[in-house]
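One structure is given here, and the rest of the page talks about it.
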Amino acid sequence: MESGREYFAGILDELRRDNPALGEGFLLRESRGDPLDSLILTILSQATNDRNSGRAFRRLRNKFPTWEDAMHASESAIEDAIREGGLAKQKAARIKSILRRINEETGSVSLDFLKDRSTNEVMEYLMSFDGVGPKTAACVALFALGRPEFPVDTHILRVSRRLGLVGEKDTAEKAQESLQKKIPPEMIMDFHLGLIEHGRRTCRPGNPTCSHCCLRRFCKKSGLKDFTLQAEKS
């Protein structure tokens with residue numbers, strides 16, 4: 001029987017062949033951005049698509065060039081700037097609260113101090129904010145801080161269920177906890193990006209193109225061999 005590492009490596013090899021943009025060692029590259037930028041953008045991405053959240057973030061930064069400016073602004077002004085991202089009133093209140101609390105606790109409107117904290121401390125601190133759950137915290141940890149945390153969105157949850165990586169009825173939070181333990185740390189970045197793209201292009205919700213699926217041999221839903229996963233013991 002394949003070890004957990006070999007199994008996940010096999011899936012990732014297929015994803016990389018199907019999507020050459022994924023590359024070896026991506027997790028080891030330098031941080032991709034400011035952690036506070038990443039947190040606010042991820043909050044804006046909740047319950048909307050990347051296009052809308054991206055536009056909302058750009059409008060917010062255009063209106064408030066610094067996070068200090070946004071902190072001192074009214075919630076209604078923030079709400080107006082991010083309206084295109086949906087749930088503007090709720091998100092504006094959360095953003096304002098987060099900025100004020102960071103400033104009160106650290107003396108500046110920045111999350112750069114997290115770069116020197118352990119991954120557990122990073123996750124714990126981020127999830128202490130209202131509206132920040134495991135997925136949002138993991139996105140910041142992975143993309144802004146280069147930590148091997150595995151966020152699970154709707155695409156990843158759907159594909160993971162079909163592949164049998166998680167239980168059929170597992171919630172996104174339970175799936176994230178499970179996959180975090182199973183996927184080798186050096187594979188996490190590409191695995192995350194690869195499964196999202198696969199879910200968007202091939203393993204779609206209602207009409208998956210199974211005949212062209214690069215992961216068909218791994219898929220429980222395809223009627224092919226059912227694999228039993230075992231996390232590799234360290």
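The values are calculated or read from the model by the stated rules, or taken from the named source; none is laboratory data. As the structure is a prediction and not an experimental result, all values here were calculated from the model. Note that each Cβ is placed from the backbone with ideal geometry, even for glycine, and that neighbours are counted across all protein chains shown.
Summary table
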read-out: Any hit, region 188-211, residues being of a type in the set (V, I, T), crowded, with 21+ Cβ neighbours inside 10 Å and under 25 Å from I43 (Cβ atoms); value: yes
read-out: Candidate set from region 1-31 (those that are in a loop (DSSP other than H, G, I, E, B) and more than 21 Å from Q180 (Cα to Cα)); member that is modelled with the highest pLDDT; value: N19
read-out: Complete set of residues in region 109-128 that are of a type outside the set (A, V, I, L, M, F, W, C), part of a helix (DSSP H, G or I), surrounded by 13 or more Cβ atoms within 10 Å (Cβ to Cβ) and free of Cβ contacts under 8 Å to residues at least 12 places away in the same chain; value: Y125
read-out: Evaluation of G206 against (1) out of contact with any helix residue (DSSP H, G or I) (no Cβ under 9 Å at 6 or more places or on another chain); (2) farther than 20 Å from M123 by Cβ; (3) in contact (Cβ under 8 Å) with a residue 40 or more places away in the chain (one fails), failing number; value: (3)
read-out: Which listed residue, of A77, A92, is within 17 Å of T136 (Cα to Cα), in the same structural domain as D130 (by TED's automatic domain parsing) and free of Cβ contacts under 8 Å to residues at least 24 places away in the same chain; value: A92
read-out: Filter result (part of a helix (DSSP H, G or I) and surrounded by fewer than 16 Cβ atoms within 10 Å (Cβ to Cβ)) within region 40-54; value: D50, R51
read-out: Members of region 131-141 that are farther than 16 Å from K182 by Cα and at pLDDT 95 or above; value: V132, G133, P134, K135, T136, A137, C139, V140, A141
read-out: Residue match in region 97-108 (condition: part of a loop (DSSP other than H, G, I, E, B) and within 16 Å of T42 (Cβ to Cβ)); value: no
